[in-house]
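Data block below; observations after.
The values are calculated or read from the model by the stated rules, or taken from the named source; none is laboratory data. Fair warning: this is a prediction, and the values are worked out from it, not measured in the lab. FYI the Cβ positions are ideal-geometry reconstructions off the backbone, even for glycines, and counts take in every protein chain you see. The protein model used for the area step is the full one, side chains on, heavy atoms only, and it has no ligands, DNA or RNA in it. Shrake-Rupley method; radii C 1.70, N 1.55, O 1.52, S 1.80 Å.
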Amino acid sequence: MRGPSETTASEPTTSVALFDASPFFEKALLFGIQHGILDQAKLDSIQTDAPKGMVQIARYFGSEFLRPELEKARDRIINLVSLNLEHDSGGDVSVAATILRENSFMSRSKAASDMLKTLIAMPQNSHFGMNEHGGFSEKHIPQLAKWSLSSLTAYQTELAKRQAVVQLIDAAQWLADSLGMDADDLEDAGPDAEAVIRTALLVQQASSKKMPDWLTFQLLILALRKKNVTKPIQMILPKGLPFEYKQIVEEVLQTVKMDLPKILDTALTPQKLFNQTPAFVGRYFWIEDSLAQVDHFDREASALWNKLTKGHSDDSSLLTLFLCIATGLTGKTLLTEKSASALIRKIRKSGLHANLVTPFILEQAPLQYQSDYLQLWERFIEDAQATLQSDRDYKLHDALALLRNDCNISD
C-alpha cells in the first residue's frame, strides 16, 4: 500500500483516471491526497488500521503467523476496500475519496465482506430444494476466500445471475401460493421455478384454482385443446401479478408460447409429450400425489369391475361370473337354464379350471373386496366341484339344482 510520501501534487489526475492500473483503493487514496479530501489524520488512521486488518484476515482464512498468509491477506484487504469503494462510488474516485474520509478503512473492508457474504448466500439454482438456507456460515469461508480477490465486474456479473434466480423463485412461489401450494411443499417437490411458472400460466388458461396433480394436469391439457378449437389460446400474464415479477414471468410466458403448438397437438397424448419427449421432461410441473394416483386407479378398476359384473354385487351373480371364467366362457352374471346346462356339459367334457379365478379376481376386482371374493369362490368350489364334474349325474339334475341354489339362473 502506498504512503503519502510516494505521491506528488504535480501528478495529473487524468493519468489516475485513465491509465493507473493500481487497485481502486489506491486510486481513490491518491486522488484524495492530491485534492485535499484526505488529511494527514485520516492517512495515519489508514496506516494504523491496515496492518491490524491484514492480521485479522490472515487469521480468518488461515494463520496470521505465516508470511505467505499475511501477504495474501494484504492483497485481500486492499481488494475488499477497493471493491466496496468502487461499488458505492460508481467508479468515481472523487466520491470514493469522500467515502474514505467519512468512514474508517476497516469499515470498508467489512462492508465489502458483507457484500460478498450476501452474494454467496444467495441461491444459484432455480430448482427448489437444491439451495441452502440460513445465510452465510463457516462452510462458505472457502468461497469467501475466493471472492475476496475478485473484481467488481465479476461480483456484479454473479450478482445479476443470482438476482435473476431469486426473482424466478419468488415469482414461482407467488404463483404457487395463489394456486394453494406453499413454499414448504415446493421445497419437498423440488421442481424448477420455471416449470412451476409455466404450469401456473396454463392453469389460469383453464380457469383452475389449484396446482394440478398429474391426472388433473392431463385433463387440463385436454381441456385447453378443446378450448383452442373454438377460440385460439392467448397466453397472458396472470391477474394481480406483482409488478416486480412481471418481467421475469413475461420471459417464461414467451417459452410457453413456443411450446403451445405441441401442447395443443391432439396427435400427442399428454403422457407422450410431457413424460416421453426429452425437451418437455421436467419443463412443466405437477404434484406427485400418490394418493390421487391410487384413487384414480381404484376408480378405473371400479368402473371396469362394474362393467364386468353389470353392477351386480350379490354372491349369486359373482359366483356365476367366476364359474364362467373357470370354464373358459365369456363372463356373465346371469345364465339361462339352457346355458347353465351347456356350462355343466363343458365342465364334464373339458374340465373345471378353478385356478383361473384367483388371478382374475386379483387383476380385476377392487382391492378392498378381493379377499372376500376369493373366500367366496374357494368355499363354493370346494363344495360344488365334485357335483359339477360327477359322471353319475348324467341328467344334470344335481348340478343344475346346485347352480340354482348358489348361482344366478333364470327360468
Once amide H atoms are placed 1.01 Å from N in the peptide plane, what residues at a sequence separation of 5 or more from His127, or on another chain, have their amide H within under 5 Å of its amide H?
-> Ala193
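Given Lys227/Lys307; Lys210/Lys310; Lys210/Lys257; Lys210/Lys246; Lys210/Lys272; Lys161/Lys226, which pairs have Cα atoms separated by over 28 Å?
Beyond 28 Å between Cα atoms: Lys227/Lys307; Lys210/Lys310; Lys161/Lys226.
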Compute the signed sum of charges (Lys and Arg +1, Asp and Glu -1) over the other residues within less than 10 Å, Cβ to Cβ, of Arg283.
-> -2
Dimensions of segment 140-298 along principal axes (Cα, Å, largest first)?
-> 58, 35, 31
Qualifying lysines (Cα of each under 17 Å from Cα of Lys209; at least 8 residues distant if same chain) = Lys239
Against the longest alpha carbon principal axis of the chain, how many degrees, from 0 to 90 and to the nearest 10, is the axis of helix 397-406 turned?
-> 40 degrees
Segment Glu102-Leu329, length gained on full extension (0.36 nm per residue, minus Cα span) = 72.0 nm
Taking amide H positions as placed 1.01 Å from N in the peptide plane, with prolines and chain starts having none, which residues 5 or more places from Glu64, or on another chain, fall under 5 Å of its amide H?
-> Arg59
If each part is reduced to its alpha-carbon centroid, segment 28-45 and segment 233-272 end up apart, in Å, by 57 Å
With everything on Cα atoms, drop me the angle between helix 315-326 and the longest principal axis of the chain, reported from 0 to 90° to the nearest 10.
-> 90 degrees
Mean 1/r over all different Cα pairs, inverted: what Kirkwood radius does segment 57-147 give, in Å?
-> 14.6 Å
Which one of Ser45, Pro212, Val229 has its Cα pushed farthest toward the positive end of the charge dipole of the chain, where Lys and Arg give +1 and Asp and Glu give -1 at the Cβ?
-> Val229
HN-Hα J in Hz across segment 338-353 - Karplus 6.51, -1.76, 1.60, θ = phi - 60°, x for Gly and Pro | 5, 5, 5, 5, 5, 5, 5, 4, 5, 4, 6, 8, 10, x, 10, 9
With charges set only on the Cβ (+1 for Lys and Arg, -1 for Asp and Glu), what does the dipole of segment 51-146 come to about its Cα centre, in debye to the nearest 20?
-> 280 debye
Quantify how much of the Cα-Cα distance distribution of segment 177-246 extends past 15 Å, in percent.
-> 58 percent
One can check that the equivalent ellipsoid of the chain, built from the alpha-carbon gyration tensor with semi-axes equal to the square roots of five times its eigenvalues, has lengths in Å, largest first, of 83, 25, 14
How far is the Cα center of segment 340-406 from the Cα center of segment 172-213, in Å?
-> 53 Å
If amide H atoms are modeled at 1.01 Å from N in the peptide plane, then the residues at a separation of 5 or more from Ile287, or on another chain, having amide H under 5 Å from its own are Asp213, Trp214
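Averaging sequence separations of C-alpha pairs under 8 Å and six or more residues apart, then dividing by the length of the chain, give the relative contact order as a whole percent.
10 percent
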Once both labels are modelled 7 Å past Cα along the beta-carbon direction, what's the His353-Asn275 spacing in nm?
-> 3.2 nm
Return one number: the angle in degrees, 0 to 90 and rounded to the nearest 10, between the long axis of the Cα atoms of helix 40-61 and the longest principal axis of the Cα atoms of the chain.
-> 40 degrees
Here Rg/Rh (Cα, Kirkwood) for segment 72-212 equals 1.14
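Give, rounded to the nearest 20 debye, the magnitude of the charge dipole that the chain has about its Cα centre when Lys and Arg contribute +1 at Cβ and Asp and Glu contribute -1 at Cβ.
Dipole about the Cα centre, nearest 20: 1360 debye.
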Hey, with R₀ at 56 Å, roughly what FRET efficiency would Ala164 and Gln368 work out to, going by the Cβ-Cβ distance, to 0.05?
-> 0.65
Portion, in percent, of the accessible area of the chain that falls on carbon or sulfur, probe 1.4 Å | 53 percent
List the aspartates and glutamates whose Cα lies under 14 Å from the Cα of Lys117, skipping any in the same chain that are fewer than 8 positions away.
-> Glu132, Glu138, Glu158
So if R0 is 56 Å, what FRET efficiency would Ser339 and Ala154 give, r being the distance between their Cβ atoms, rounded to the nearest 0.05?
-> 0.05
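In a shell of Cβ-Cβ distance under 15 Å around Ala399, excluding Ala399 itself, what net charge do Lys and Arg (+1) and Asp and Glu (-1) give? Please list the in-between numbers first.
On the way: positive: Lys338, Arg345, Lys346, Arg348, Lys349, Arg392, Lys395, Arg404; negative: Glu337, Asp383, Asp391, Asp393, Asp398, Asp406.
Net charge around Ala399: +2.
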Using a Förster distance of 35 angstrom, determine the FRET efficiency expected from the C-beta separation of Asp39 and Ser63, and round it to 0.05.
-> 0.45
What value does segment 229-273 have for Rg/Rh, both radii from Cα atoms and Rh as Kirkwood defines it?
-> 1.07
